[in-house]
Amino acid sequence: MKHVRYGVIGIGNMGTPHARSIVADKSRKFSLAAICDTKPEKAAVAQELGVPFFADYRELIDSGLVDAIIIAVPHYWHAPMAVYAAQRGIHVLCEKPLASSVGPARTMIQQCKKHKVRLGVVLHHRSRDIMRKAKQLVENGTLGELFRVSMVCSSWFRSQAYYDSGDWRGTWDGEGGGVLINQAPHHLDLFKWIGGMPNRISAVIDTRQHKIEVEDTANIICQYGDGKIGYIYATTAEVPGMEQFILSGDKGTLVWDGGKLRLAKLKTPLSKYIYTTKSGFKSQDVTWSDLDIKENGGKHIMIIRAFADWVMGGKFPYATGDEALGELEISNAAYISGYKNKAVDLPVDANEMEKLLDTLERQRSTGKGQGIRKAATKALKQHLAGK
Ligand SMILES: NC(=O)c1ccc[n+]([C@@H]2O[C@H](COP(=O)([O-])OP(=O)(O)OC[C@H]3O[C@@H](n4cnc5c(N)ncnc54)[C@H](O)[C@@H]3O)[C@@H](O)[C@H]2O)c1
């Protein structure tokens, strides 16, 4: 294949810029072939971009017009659309999170593998130079064995007007979670991609400010089974927002804060110094340096370009379906831990997560989400049954 024809499903906040950026891209390795949305007024975007419009994703996928789809709809629809496409040999680039829960997400991965199509996820923060540098410093041993990984992502402020702007937003049956499912997936993914995958999660989940069914704030403690500890704080209810990432290890510490990346290097590894120093109190001198890495990358179009290359036989340096599952394991475990008040081992028990969603829906749903979960789950079952 020398050219990838994209179909974009969901022409909202995210799908509209995806469609426009594909048309604007000059590479000519891919093009926009069609778009789809259940809202008839979105046909105006099709007219603007000169492509056919479909109101039903199955018709777009069956049209013969597209080689790959970009899924940019409410989370519960990700799995049925991905599975329907995979079964027909159409590649899938899915918006984050892969799904609202690990069960459907694992099904997406399994079906895409079975039908030999690519599954990528728009976790574009992986393309930020700053984050790639942090990953490199962990992997090349500059920091030594990691003791602590901590991430504050309070830079995701959302107003009540934001949550009120869409039926599905801030609901259990429409969105499947709050900050952990919609905003923080990028940071959960960076946390896991750079700091490693924990094996046990304990969380405190809260709806602190907003009038929504789901959480707007989460605190997560991660254990790795080797003494290393991780901490994540995510909220949409704090100003000024911060993005702070600290990786502390035996040979050094890396701090991303206030838009600066700083590296502290120890002269003697901590595990040695602690036993060789004769002083009871004095810690060793540390050399700090500012790393001159510009904030670069982090653009959605980079993922769309790379995915097209992958479909055409190249490599995909960003999050595949398998890799994107990690952040969802963390968020789902945090929900189970937070709402059931217990530590949760990974991988998450998919049945336990679905039962928790049933309970949260029953106890907290205001009806705003309009039963998207139910409709999408039914569609997924039908597609798996070949319908
Ligand atoms: N990567 C990012 O930076 C980023 C940013 C924002 C949103 N997102 C993700 O993009 C996805 C969409 O979010 P959004 O903010 O654009 O939502 P949105 O509500 O603005 O848009 C969703 C669109 O999907 C359409 N839709 C809903 N159900 C459909 C169906 N069954 N078939 C076809 N169309 C359907 C809606 O009519 C709407 O136009 C979510 O997964 C979200 O998490 C990612």
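Couple of notes before you dig in:
- Straightening the chain between GLN382 and TYR231 buys 50.4 nm, computed as 0.36 nm per residue apart minus the Cα-Cα spacing.
- Centroid-to-centroid separation of the stretch 2-60 and the stretch 134-153 [C-alpha atoms, Å]: 39 Å
- Heavy atoms of LYS294 accessible to a 1.4 Å probe, total area in Å² rounded to 10: 130 Å²
- Carbon + sulfur, % of accessible area of the chain - ligands and nucleic acids excluded, 1.4 Å: 52 percent
- Low-density loop positions, chymotrypsin sites (Phe, Trp or Tyr not before Pro), the stretch 238-325 - DSSP coil, at most 11 other Cβ in 10 Å: PHE281
- Shown in residue order for the stretch 49-64 are the 3J(HN,Hα) couplings computed by the Karplus curve 6.51 cos²θ - 1.76 cosθ + 1.60 at θ = phi - 60°: 9, x, 10, x, 10, 10, 9, 10, 4, 5, 5, 5, 5, 7, 5, x Hz (x for Gly and Pro).
- Only lysines eight or more places from LYS26 in sequence, or on another chain, were considered; those with a Cα closer than 23 Å are LYS2, LYS299, LYS315.
- The mean sequence separation of alpha-carbon pairs under 8 Å and at least six residues apart, normalised by the residue count of the chain, gives a relative contact order of 20 percent.
- Helical content of the chain, expressed as a calculated mean residue ellipticity at 222 nm, amounts to -11000 deg cm²/dmol (DSSP H runs of 4 or more residues, -39,500 (n - 2.57) each, divided by residue number, nearest 500).
- Gain upon complete extension [ILE293, SER271; 0.36 nm per residue less C-alpha separation]: 5.0 nm
- For MET197, solvent-accessible area (1.4 Å; no DNA, RNA or ligand), Å²: 80 Å²
- For LYS342, the lysines whose Cα comes closer than 22 Å to its Cα, not counting residues fewer than 8 places off in the same chain, are LYS192, LYS228, LYS355.
- Oblate is the label for the stretch 203-315, because a/c, from the alpha-carbon gyration tensor with a ≥ b ≥ c as root eigenvalues, is 1.5 or above and a/b does not exceed b/c.
- For the stretch 116-234, the relative contact order is 29 percent, taking Cα pairs closer than 8 Å that sit 6 or more residues apart in sequence and dividing their mean separation by the residue count.
- Each Lys or Arg adds one and each Asp or Glu takes one away; over the other residues whose Cβ falls under 13 Å from the Cβ of ASP285, this sums to +3.
- Electrostatic dipole magnitude of the chain [Cβ: Lys, Arg +1; Asp, Glu -1; Cα centre; debye, to 20]: 840 debye
- Prolate/oblate/rounded label for the stretch 194-265 (Cα gyration tensor, a/c 1.5): oblate
- Global geometry of the stretch 70-226, whether rounded, prolate or oblate, following the gyration tensor of its Cα atoms and the 1.5 cut on a/c: oblate
- Nearest 10 degrees, 0 to 90: helix 102-114 Cα axis against the chain principal axis: 70 degrees
- Farthest towards the positive end of the charge dipole of the chain, among the residues THR16, THR359, VAL138, is the Cα of VAL138, using unit charges on the Cβ of Lys, Arg, Asp and Glu.
- Nearest-ten-degree value, helix 78-87 long axis tilted from longest Cα axis of the chain: 60 degrees
- Gyration tensor (Cα) of the chain, equivalent ellipsoid semi-axes in angstrom: 38, 25, 19
- Spin-label model, PHE157 to ASP257: label points 7 Å out along the Cα-to-beta-carbon direction sit 2.1 nm apart.
- Accessible area in square angstrom per residue, the stretch 60-142, 1.4 angstrom probe: 28 Å²
- Accessible surface, the stretch 324-379, averaged per residue in Å² (probe 1.4 Å): 47 Å²
- This model, with +1 at the C-beta of Lys and Arg and -1 at the C-beta of Asp and Glu, gives the stretch 268-313 a dipole about its Cα centre of some 220 debye.
- Cleavage-rule hits, GluC sites (Glu not before Pro), the stretch 256-345, DSSP coil, Cβ neighbours within 10 Å at most 14: GLU295
- Per residue, the Cα convex hull of the stretch 276-387 amounts to 304 Å³.
- Summed over the residues of the stretch 160-296 and divided among them, the accessible surface reaches 47 Å² per residue at a probe radius of 1.4 Å.
- Listed values for the stretch 192-208 are Karplus-derived 3J(HN,Hα) couplings in whole Hz (6.51 cos²θ - 1.76 cosθ + 1.60, θ = phi - 60°), namely 6, 5, 8, x, x, 8, x, 10, 8, 10, 10, 9, 10, 10, 8, 10, 8, and x replaces Gly and Pro.
- Label-point separation, HIS115 to ARG200 (7 Å along Cα→Cβ), nm: 4.0 nm
- Taking amide H positions as modeled 1.01 Å from N, with prolines and chain starts lacking one, the residues under 5 Å from LEU123 and 5 or more places away or on another chain are ALA319.
The values are calculated or read from the model by the stated rules, or taken from the named source; none is laboratory data. Quick caveat, the model's predicted, so the values are computed rather than measured. Note: ideal-geometry Cβ built from the backbone for every residue, glycine included; neighbour counts use all protein chains shown. Areas reflect the complete protein model, heavy atoms only, side chains present, ligands, DNA and RNA absent. Shrake-Rupley method; radii C 1.70, N 1.55, O 1.52, S 1.80 Å.
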